[in-house]
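Notes to accompany the following structure.
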Amino acid sequence: MKGDFYVTTPIYYVNDIPHIGHAYTTVAADVLARYKRLMGFRVLFLTGTDEHGQKVEKAARAQGLTPIELADRVVTRFQDLWKKLRISNDDFIRTTQERHRIAVERLWRTVRDRGDIYLGEYEDWYCIPCENFLTQTQLVDGRCPDCGREVERLREPSYFFRLSRYQKPLLEYIERNPDFIQPEGKRREIVSFIKEGLRDLSISRTTFSWGIPVPDDPGHVIYVWFDALTNYLTAAGYPHTQDGFWPADVHIIGKDILRFHAIYWPAFLLSAGIEPPRKVFAHGWWTVEGKKMSKSLGNVVDPGSVVDEFGVDQFRYFLLREVPFGLDGDFSTSALKQRINSELANDLGNLLSRTLSMIDKYHGGTVPEPSTLRAELEGRIKSLIEDLFVQYTSAMDRLDYYGALGRIWTVVRELNIYVDKSAPWKEKDPNTLSTVLHTLAEGLRIVGVYIYPFMPDSANRLWSQIGMDREIGGCSLQDEVRWTGKTTGRRTKKAEPLFPKIR
Ligand code: MSP
């Protein structure tokens with residue numbers, strides 16, 4: 001074991017059913033979790049649902065349900081989708097669980113005992129969709145600056161967290177941990193936001209009741225973001241044990257919720273004397289066919305139907321290959337088809353089927369043993385594949401999925417060029433022919449390992465077609481990507497298209 005690795009997604013509100021934005025964060029976290037397991041880490045991969053707060057209470061009322069009834073219904077939609085998307089989470093947290101209430105109460109009491117919570121009165125604006133407190137000057141045309149929707153005026157007694165005390169400690173923490181906020185541009189935004197000055201933060205509400213009561217003052221419920229952020233600690237075992245998983249290695253989130261994760265959350269933790277997470281990575285947002293996704297436009301993409309139509313691995317691949325992680329992207333059916341047909345079906349799928357049928361035709365369906373490698377042909381392939389290890393792992397460790405896939409595809413294309421150059425169908429020398437067939441099988445075996453975190457089912461199918469009898473998930477990446485000739489003597493299977501062409 002290399003050590004522990006803890007990766008999280010945001011916990012999703014249960015007021016609404018899952019869409020492509022939720023799928024995006026969760027697939028990205030899944031790829032990282034699978035990669036780290038292959039690298040020998042003990043992984044805790046957490047996702048879950050954020051079930052308290054005014055927004056969920058309001059949505060439940062509108063549907064004639066109690067909040068917990070709504071949560072119970074919607075939570076299965078998320079869980080079913082994660083199964084369908086092959087999400088390998090180790091835990092699923094719901095903020096209505098007992099273990100979570102205990103953790104939130106303990107964190108509250110600890111922060112309070114540090115002298116960082118006091119009773120006052122909140123009088124200002126609130127955005128329910130964002131569950132965010134706003135000042136008059138933050139509003140844009142009287143509306144929420146983040147989501148553009150209407151805000152409501154609040155005036156109620158409230159507990160406050162002394163966020164203002166943490167301006168300096170936060171800046172110091174960010175300074176000392178330059179990778180804490182990623183991507184870099186987001187780090188700069190947060191730093192300048194903090195430098196403008198931090199006001200104390202309202203962390204309780206009295207005008208609705210769907211939440212965790214404030215310890216020793218049950219007339220208040222704890223602010224939903226204080227409650228929600230604590231989920232990351234709950235799942236690590238807080239307050240009982242932290243079992244090696246805390247601090248979290250990375251919270252993967254969308255850019256819209258960065259302030260909560262990069263300012264409030266580390267401030268609560270610093271107050272409680274708990275180490276902040278090592279990294280918060282904010283990804284970009286998807287538009288759909290060039291437009292903002294919204295219920296009123298009726299263009300919300302249901303990830304389940306994309307999977308039914310195009311396939312699960314095709315969807316996972318597209319999400320991480322279409323835009324560099326951290327930037328905004330556009331989801332369109334034409335772009336999805338284009339990637340499937342050219343990169344998956346043509347580049348990789350065809351390479352596999354050509355290889356299998358040549359092994360079948362020229363070597364009776366068994367991968368031959370190689371003889372001498374020719375420097376400018378097999379030697380070149382072998383060294384390209386050997387170089388991939390450092391390129392791939394350094395990209396993956398930076399959550400540069402786009403870069404990692406780009407590197408793999410460079411090799412895939414080189415393998416295709418190699419097929420054409422070495423032209424096995426014309427080869428007269430049986431030794432050379434064996435070397436070519438072996439090189440292709442060995443190259444594909446190794447490519448299979450690298451694509452596994454992104455496309456686990458297809459990678460395993462690729463392995464099984466070239467005659468490997470293990471699941472990649474149980475292997476060690478370092479062992480399996482070495483050019484060891486493990487494919488020699490394997491019985492290949494009949495070529496079945498890995499990625500059917502889409503018309
Ligand atoms: N419950 C809070 C998170 C609490 S974490 C302690 C929340 N939930 S959410 O359901 O509204 O959204 C969760 C995630 O979905 C966010 O990371 C957000 O960025 C992401 N997305 C929502 N719409 C999106 C797109 N159109 N594109 C990409 N991601 C988007 O916020």
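The values are calculated or read from the model by the stated rules, or taken from the named source; none is laboratory data. Values in this document were obtained by computation on a predicted structure and should not be read as measured data. Cβ: placed from backbone, ideal geometry, glycine included. Neighbour counts: every protein chain shown. These area figures cover heavy atoms from the full protein model, side chains too; ligands, DNA and RNA do not enter into them. Shrake-Rupley method; radii C 1.70, N 1.55, O 1.52, S 1.80 Å.
Which residues, counting only those in region 265-296, are modelled with pLDDT of 95 or more, within 11 Å of the ligand (Cβ to nearest atom) and open to solvent by 40 Å² or more (accessible area, probe 1.4 Å)?
285, 287
Filter region 452-481 for residues that are open to solvent by 30 Å² or more (accessible area, probe 1.4 Å) and in contact (Cβ under 8 Å) with a residue 40 or more places away in the chain and give the result.
Answer for region 452-481, where residues must be open to solvent by 30 Å² or more (accessible area, probe 1.4 Å) and in contact (Cβ under 8 Å) with a residue 40 or more places away in the chain: 457, 473, 476, 478.
Of 248, 228, 235, which residue is surrounded by 19 or more Cβ atoms within 10 Å (Cβ to Cβ), farther than 17 Å from residue 99 by Cα, within 12 Å of the ligand (Cβ to nearest atom) and modelled with pLDDT of 95 or more?
248
Report the residue count in region 331-346 for those that are open to solvent by 30 Å² or more (accessible area, probe 1.4 Å) and touching a helix residue (DSSP H, G or I) at 6+ places or on another chain (Cβ under 9 Å).
4
Before we move on, is residue 183 under 23 Å from residue 281 (Cβ atoms), in the same structural domain as residue 51 (by TED's automatic domain parsing), in contact with a Gly (Cβ under 7 Å, 6 or more places away or on another chain) and open to solvent by 20 Å² or more (accessible area, probe 1.4 Å)? Show your work before the answer.
Values: under 23 Å from residue 281 (Cβ atoms): yes; in the same structural domain as residue 51 (by TED's automatic domain parsing): yes; in contact with a Gly (Cβ under 7 Å, 6 or more places away or on another chain): yes; open to solvent by 20 Å² or more (accessible area, probe 1.4 Å): yes.
Considered against the rule, which asks whether it is under 23 Å from residue 281 (Cβ atoms), in the same structural domain as residue 51 (by TED's automatic domain parsing), in contact with a Gly (Cβ under 7 Å, 6 or more places away or on another chain) and open to solvent by 20 Å² or more (accessible area, probe 1.4 Å), residue 183 comes out as yes.
When the residues of region 136-176 are filtered to those that are of a type in the set (S, T, N, Q) and surrounded by 15 or more Cβ atoms within 10 Å (Cβ to Cβ), which remaining residue is nearest to residue 277 (Cα to Cα)? Please lay out each step first, then the result.
Looking only at region 136-176, we keep the residues that are of a type in the set (S, T, N, Q), and these are 136-138, 158, 164, 167.
Now drop any that are not surrounded by 15 or more Cβ atoms within 10 Å (Cβ to Cβ), which leaves 138, 158, 167.
Numbers: 138: 28, 158: 28, 167: 17 Å.
Applying the filter and picking the extreme gives 167.
Rundown of residues vs (1) more than 16 Å from the ligand (Cβ to nearest atom); (2) part of a helix (DSSP H, G or I); (3) under 19 Å from residue 312 (Cα atoms), yes/no style:
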site: 49; (1), (2), (3): no, no, no
site: 68; (1), (2), (3): yes, yes, no
site: 82; (1), (2), (3): no, yes, yes
site: 92; (1), (2), (3): no, no, no
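Of the residues that sit in region 203-225 and are touching a Ser or Thr at 6+ places or on another chain (Cβ under 9 Å) and among the hydroxyl-bearing types (Ser, Thr, Tyr), which one is farthest from residue 57 (Cα to Cα)?
204
All but one of (1) more than 30 Å from residue 328 (Cβ to Cβ); (2) within 14 Å of the ligand (Cβ to nearest atom) hold for residue 97; state the number of the condition that does not hold.
(2)
Might you check whether a residue that is of a type in the set (D, E, K, R), within 13 Å of the ligand (Cβ to nearest atom) and at pLDDT below 95 occurs anywhere in region 319-326?
no
Output the residues belonging to region 51-66 that are part of a loop (DSSP other than H, G, I, E, B) and either open to solvent by 10 Å² or more (accessible area, probe 1.4 Å) or not assigned by TED's automatic domain parsing to the domain that holds residue 271 (or both). Don't jump to the end; show me each part of the working.
First, pick out the residues of region 51-66 that are part of a loop (DSSP other than H, G, I, E, B): 51-53, 63-66.
Within region 51-66, 52, 63, 64, 65, 66 meet the criteria.
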